[in-house]
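Structure first, commentary second.
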Amino acid sequence: MRTLIANGTIVTAEGSYEADVLVDGETIAQIGRNLAAAGVTADETIDASGKYVIPGAIDVHTHMELPFGGTFAKDTFETGTRAAAFGGTTCIVDFAVQPRGGSLREGLDTWHAKAEGNAVVDYGFHMIMSDVNDATLAEMDQLVAEGVPDFKLFTAYPGVFYSDDGAIFRAMQQTAKNGGLIMMHAENGLAIDVVAAQYAASGKTDPYYHGVVRYPIFEGEATNRVIRLAEAAGVPVYIVHLSARDALDQVRAARDRGAMAFAETCPQYLFLSLDDLGNGFEGAKFVCSPPLRPKDHQEDLWTGLLKDDLQVVSTDHCPFDFHGQKELGRGDFRKIPNGLPGVEERVDLMHDGGVVAGRISRERWVELVSTAPAKLFGMYPRKGTIAVGSDADIVIYDPNAKHVLSAATHHMAVDYSCYEGREVQGIAETVLSRGTVLVRNREWVGPKGHGRFVKRRTADFARRA
């Protein structure tokens, strides 16, 4: 199957230009001006006049079907990846979870079984390590060889995912040997639990206090600590879902002194705030960790994105219904399942609030949602760019179309939208994954189970160990 995408404006991280794109099978075969006039033939021609032609977005932080707090995230790999595709995302990297006391292999096999034959866009895995020991350290090497080169650890959630400094440092020493990457949820969970218990004991149990007790300084302290441990081990570290200027300051300082510190933020920290956690129990819809911060943190994060102190925008997509799931925490904010929906809305929010608002260029937009994730997580140039030989993961994006974000129209399997009623400018009109059209003119036409596992390389970091 040969598809010609004609008359569009190609936008990559490197620049923008008018050209046609010829897709042959699953890859991009040719890029040039007026290809049809030059004799290029195709089975189908898609007219992209007035539209951007961008690489499919990549979300390197999702949690499909994640068990949490006695329930499961609502989106399956089928519903979640279909929603991703509608939003212009053609690849996700989800987190497989090591069961406490079990092996990494057991967790990874479980996630492969969830995704295979169900995901409609390509997918990879990171590995959550809940128990660092001699056996799991040895397993890390095999997972790297299998294309799962990243391992997430937590300074938060004592008794569930928490790892102490010694365990974190041992895991980092292992990645110094095998080329993997440690990803860190950096909040001081032990201190947070103390404050949370004190607030609950005093009767302050509304969702709003979830955001209050997780002090920004607790995120800053933990971020500094794990970066320093990575420096001692001579390895890179990637801070997930950075939310607070306290943490950003630590990442910036580390990068300024030459440390291999990388970080992502998420749309919720750019567009939502602590205020959204108010309004009684309605605020449960906005409970995630790290929490939403006071509004004055937002501009610091935008500056971090502009100056490359933050390299990636991911979603931490982890949706729980307000009715029946978030309600598990009614009367005690500590029991509200942590997580927000967002995999479908990220690209449009970043275009509207970033490009249209004049905060970032359209090239930086593509870099943040596609190219930088591909580079940092071992998929570039197969993914993350429009180039001859790359996978034909292509989005024809209308930068002028306006639409309203709403639970009534989104495709995520959750009963609310964090951005209900917000009008945004820009929408993914047609979406191709490896040359197959999944979304055509905003209608689903893709085959079931189209997605494939992406075996990823280790990233090309300059290591000192």
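What follows draws every value from the coordinates through simple rules; no lab data is involved. Since the structure is predicted, the reported quantities are computational estimates derived from the model, not experimental observations. Cβ placement follows ideal geometry from the backbone for every residue including glycine, while neighbour counts extend to all protein chains displayed.
State, to one decimal in nm, how far the label point of LYS448 lies from the label point of ALA201, with both points 7 Å from Cα in the Cβ direction.
5.4
What number comes out for the charge environment of PRO267, summing +1 per Lys or Arg and -1 per Asp or Glu over other residues with Cβ under 10 Å away?
-2
In nanometres, what is the gap between the two model label sites at VAL388 and ASP47, each 7 Å from Cα along Cα-to-Cβ?
Simple spin-label model gives 2.8 nm for this pair.
Given LYS335/LYS375; LYS285/LYS455; LYS295/LYS326; LYS177/LYS455, which pairs have Cα atoms separated by over 27 Å?
LYS335/LYS375; LYS285/LYS455
Evaluate 2.2 N^0.38 Å with N set to the residue count of segment 2-52, then give the Cα radius of gyration divided by it.
Relative to the rule-of-thumb radius for its length, segment 2-52 sits at 1.06.
Of THR110, VAL251, ALA73, which is farthest towards the positive pole of segment 56-376's charge dipole, taken about the Cα centre with +1 and -1 on the beta-carbons of Lys, Arg and Asp, Glu respectively?
VAL251
Which of the aspartates and glutamates could a cross-linker bridge to LYS204, judged by Cα under 13 Å and excluding same-chain residues fewer than eight apart?
Cross-link targets: ASP332.
Taking only Cα atoms, what is the 0 to 90° angle, nearest 10, from helix 165-178's long axis to the longest principal axis of the chain?
The helix 165-178 is inclined about 30 degrees to the chain.
Would you please give the residues with an amide H less than 5 Å from that of PHE68, counting only those at least 5 places away or on a separate chain, with H modeled from the backbone geometry?
Sorted by chain and number, the residues that satisfy this are ALA73.
Around ALA36, under 15 Å between beta carbons, what's the net of Lys plus Arg minus Asp minus Glu among the other residues?
-4
Across all directions of projection, what mean area in square nanometres is found for the Cα convex hull of the chain?
19.9
What's the ranking of 205-212, 82-89 by average number of surrounding C-beta atoms within 10 Å, highest first?
82-89, 205-212
Within 12 Å, Cβ to Cβ, of GLY329, how many net charges do the neighbouring residues add up to if Lys/Arg are +1 and Asp/Glu are -1?
+2
Testing the spin-label approximation: label points 7 Å from Cα along Cα→Cβ at ASP134 and GLU363. State their distance in nm.
It works out to 5.3 nm between the two label points.
Using Cα positions and a limit of under 17 Å, work out the aspartates and glutamates in reach of LYS307, with same-chain residues fewer than 8 apart set aside.
Hits, sequence-local ones excluded: GLU14, ASP246, ASP249, ASP256, GLU264, GLU299, GLU363, GLU367.
Gap in Å between the Cα centre of segment 365-419 and the Cα centre of segment 1-74?
Segment 1-74 and segment 365-419 have Cα centres spaced 10 Å from each other.
If we sort 68-79, 369-380, 159-170 on the protection proxy, mean other Cβ atoms within 10 Å, highest first, what's the order?
Ranking the peptides 68-79, 369-380, 159-170 by packing returns 369-380, 68-79, 159-170.
Rounded to the nearest 20 Debye, what is the dipole magnitude of segment 56-376 about its Cα centre when Lys and Arg each give +1 and Asp and Glu each give -1 at the C-beta?
My answer is approximately 400 debye.
Below 8 Å between Cα atoms, with a sequence gap of 6+, how large is the relative contact order for the chain in percent?
Reported relative contact order: 22 percent.
Projected onto the charge dipole of the chain (+1 at Lys/Arg Cβ, -1 at Asp/Glu Cβ, origin at the Cα centre), which of ASN188, LEU277, HIS410 gives the Cα projection farthest towards the positive end?
The Cα lying farthest towards the positive end belongs to ASN188.
Report the gain in length on full extension from ALA232 to ASN400: 0.36 nm times residue separation, minus Cα-Cα distance, nm rounded to one decimal.
55.6 nm
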